[in-house]
Amino acid sequence: MSQISNGGALPESSAPSAFRDVPNTGVIFVMTEAARRGYRAGAPGWTNFGQGMPEVGALPGAPERIDHVGFAVEDHEYAPVAGIWELREAVADHYNRLYRRGMGSKYSAENVCISAGGRTALTRLAASLGPINLGHFLPDYTAYEELLGLFRLFTAIPILLDPDRGYDFSLEELRREVQGRGLGALLMSNPCNPTGKVVDAESMRGWCAIARRFDCTLLLDEFYSHYAWESQNNDGGPPAVTAARFVEDVDKDPVVIVNGLTKNWRYPGWRVSWTLGPRKVIERISSAGSFLDGGACRPIQRAAIDLLEDQHTLAEIKAIQRAFRPKRDLLLGRLTSMGVRVERPPGGTFYIWGNVRDLPEPISTGMTLFRAALEAGIICVPGEFFDVNPGQRRQTRLSRFRHHVRFSFGPGIESLEGGLDRLEAMIESHR
């Protein structure tokens, strides 16, 4: 029983015994630590290499940013749990026009479910899974850890990728994992947060074929699909990463895609995402939403429709490519020159996944570098947070990625340049 004091009240540091400790994600942890040292958004003298969102202001050549949203009378009502029909149609049409030209099977509004952000969409998916083996890769998105540990019907199966092979994973390895471990589903981010690795177009065609053959559902987090630094198609479409190109039958193929406005349209504060998949899957995750969250904001959904028009989307993709590629190259070059080893230059996302083992002591681990960097006004994310370990079932004393750090090039280039200068000076001070 909890210790009672102060006239029967719980001690200030304790929670009622009914509650468990709920961990923060890695990014929230580092931002909390930075705030304790005086960091605030826009604070001079700070660079947020831990930033998990892109810069949201105007970019050269990008569509004008939306600065207000109107309300219709009905927008004061609850939205349908699966999203307003007009936005669901707009999402389906977006994929059909840009990625499924000439294909007989097309997505419809019934293949789309709208959620209030990516984590909500993923939570709905997890809540809808049955008693299966669910494969997931190491390293991958930090928020997967608590998500995969919270729901008890499925069993999370970790698949370790080898840094010495550039985190490659062949089609034959995929087939062996699916067959040998009896995987009913596989969850992954593509492009991958944090490594920037991309399953290229032809490989993804093979992944979808294996999913069909063995009835293993691909749960694909494509939130960085517009941040592709290598050509992904030869069909004349935009250079985006998406498995939607390789789905043969939208209602039969076990391929489920999660995406949204957060990264690819640079509207993270809108909290609008969607899940794209077979109708029967959409029905189930919509039902899960009815008790988990109740649905996304109606007026924001309505405002999102125009963002999915081809002209707007294509202009935004081009602007992202022009603005973020130089930042990628800047970080890659500068970090490498400082002694940070990059096992695989990012083919997508706005992150550099670096190994700091060769830096001088005591800053040769992700956590020690993170803490030292805070004193120089620099925020980064230690790699151990991406060693997804739901339920802490793998009892390892040291993370496989304790020497890794994720560096973001989401902030503006001037902030990045200043941060790199301070980081270099800090590293040199330890030599």
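The values are calculated or read from the model by the stated rules, or taken from the named source; none is laboratory data. Note that the structure is a prediction, hence the values are computed from the model and not measured. Note that we place each Cβ from the backbone using ideal geometry, even for glycine, and neighbour counts take in every protein chain shown.
Scanning the stretch 405-431 for residues that are closer than 15 Å to residue 340 by Cβ and part of a loop (DSSP other than H, G, I, E, B) gives 409, 430, 431. Quickly run through the stretch 385-431 and pick out the residues that are surrounded by 21 or more Cβ atoms within 10 Å (Cβ to Cβ) and over 16 Å from residue 49 (Cα atoms). Selection gives 387, 388, 399, 401, 403.
So, of the residues in the stretch 391-431 that are among the small types (Gly, Ala, Ser) and either within 19 Å of residue 162 (Cα to Cα) or in contact with a Pro (Cβ under 6 Å, 6 or more places away or on another chain) (or both), which turns out to be modelled with the highest pLDDT?
410
Of all residues in the stretch 272-291, those satisfying the criterion of being in contact with a strand residue (DSSP E or B) (Cβ under 6 Å, 6 or more places away or on another chain) and in a loop (DSSP other than H, G, I, E, B) are 272, 277. Residue-level check: of (1) touching a residue at least 40 places away in the same chain (Cβ under 8 Å); (2) of a type outside the set (Asp, Glu); (3) part of a loop (DSSP other than H, G, I, E, B), residue 402 misses just (1). Check the stretch 106-118 and report whether any residue there is of a type in the set (S, T, N, Q) and either part of a helix (DSSP H, G or I) or surrounded by fewer than 20 Cβ atoms within 10 Å (Cβ to Cβ) (or both). Yes, there is a match, as at least one residue in the stretch 106-118 is of a type in the set (S, T, N, Q) and either part of a helix (DSSP H, G or I) or surrounded by fewer than 20 Cβ atoms within 10 Å (Cβ to Cβ) (or both). Between 122, 161, the distinction of being touching a residue at least 60 places away in the same chain (Cβ under 8 Å), among the aliphatic types (A, V, I, L, M), in contact with an Asp or Glu (Cβ under 9 Å, 6 or more places away or on another chain) and assigned by TED's automatic domain parsing to the domain that holds residue 90 belongs to 122 only.
A single member of 209, 296 is in the same structural domain as residue 94 (by TED's automatic domain parsing) and part of a loop (DSSP other than H, G, I, E, B), and it is 296. Exactly one residue out of 331, 314 is surrounded by 19 or more Cβ atoms within 10 Å (Cβ to Cβ) and touching a Leu at 6+ places or on another chain (Cβ under 9 Å): that is 331.
Just to be sure before I move on: is residue 149 out of contact with any Leu (no Cβ under 9 Å at 6 or more places or on another chain), within 19 Å of residue 383 (Cβ to Cβ), surrounded by fewer than 18 Cβ atoms within 10 Å (Cβ to Cβ) and of a type in the set (Gly, Ala, Ser) in the structure I sent? Criteria not met by residue 149. The residues of the stretch 253-271 that are of a type outside the set (Asp, Glu), farther than 13 Å from residue 185 by Cβ and assigned to a loop (DSSP other than H, G, I, E, B), listed by number, are 265, 266, 267, 271.
Restricting attention to the stretch 121-136, does a residue exist that is within 22 Å of residue 215 (Cβ to Cβ) and among the β-branched types (Val, Ile, Thr)?
Here is the first cut: in the stretch 121-136, the residues within 22 Å of residue 215 (Cβ to Cβ) are 122, 124-136.
Cutting the leftovers down to among the β-branched types (Val, Ile, Thr) gives us 132.
Yes, that holds for at least one residue.
Does the stretch 128-142 contain any residue that is within 19 Å of the chain's Cα centre (by Cα) and either in a helix (DSSP H, G or I) or without any contact (Cβ under 8 Å) to a residue 40 or more places away in the chain (or both)? No, the stretch 128-142 contains no residue that is within 19 Å of the chain's Cα centre (by Cα) and either in a helix (DSSP H, G or I) or without any contact (Cβ under 8 Å) to a residue 40 or more places away in the chain (or both). Within the stretch 356-368, identify whether any single residue is in contact with a Cys (Cβ under 9 Å, 6 or more places away or on another chain) and either among the hydroxyl-bearing types (Ser, Thr, Tyr) or more than 29 Å from residue 201 (Cα to Cα) (or both), and answer yes or no. For the stretch 356-368, residues in contact with a Cys (Cβ under 9 Å, 6 or more places away or on another chain) and either among the hydroxyl-bearing types (Ser, Thr, Tyr) or more than 29 Å from residue 201 (Cα to Cα) (or both): present. All told, residue 192 meets the bar of being part of a loop (DSSP other than H, G, I, E, B), assigned by TED's automatic domain parsing to the domain that holds residue 263 and buried (at least 16 other Cβ atoms within 10 Å of the Cβ).
Pairs are defined by a Cβ separation below 6 Å, a sequence spacing of at least 6 or placement on different chains, a first member in the stretch 306-333 that is closer than 25 Å to residue 91 by Cα, and a second member that is among the aliphatic types (A, V, I, L, M); the pairs so defined are 308/90; 316/62; 319/59; 319/62. Filtered by the rule that a residue be β-branched (Val, Ile, Thr) and in a loop (DSSP other than H, G, I, E, B), the stretch 331-384 gives 340, 342, 349, 356, 363, 365. Answer yes or no: is there a residue in the stretch 225-243 that is in a helix (DSSP H, G or I), at pLDDT 95 or above, crowded, with 18+ Cβ neighbours inside 10 Å and not acidic (Asp, Glu). The answer is yes; a qualifying residue exists.
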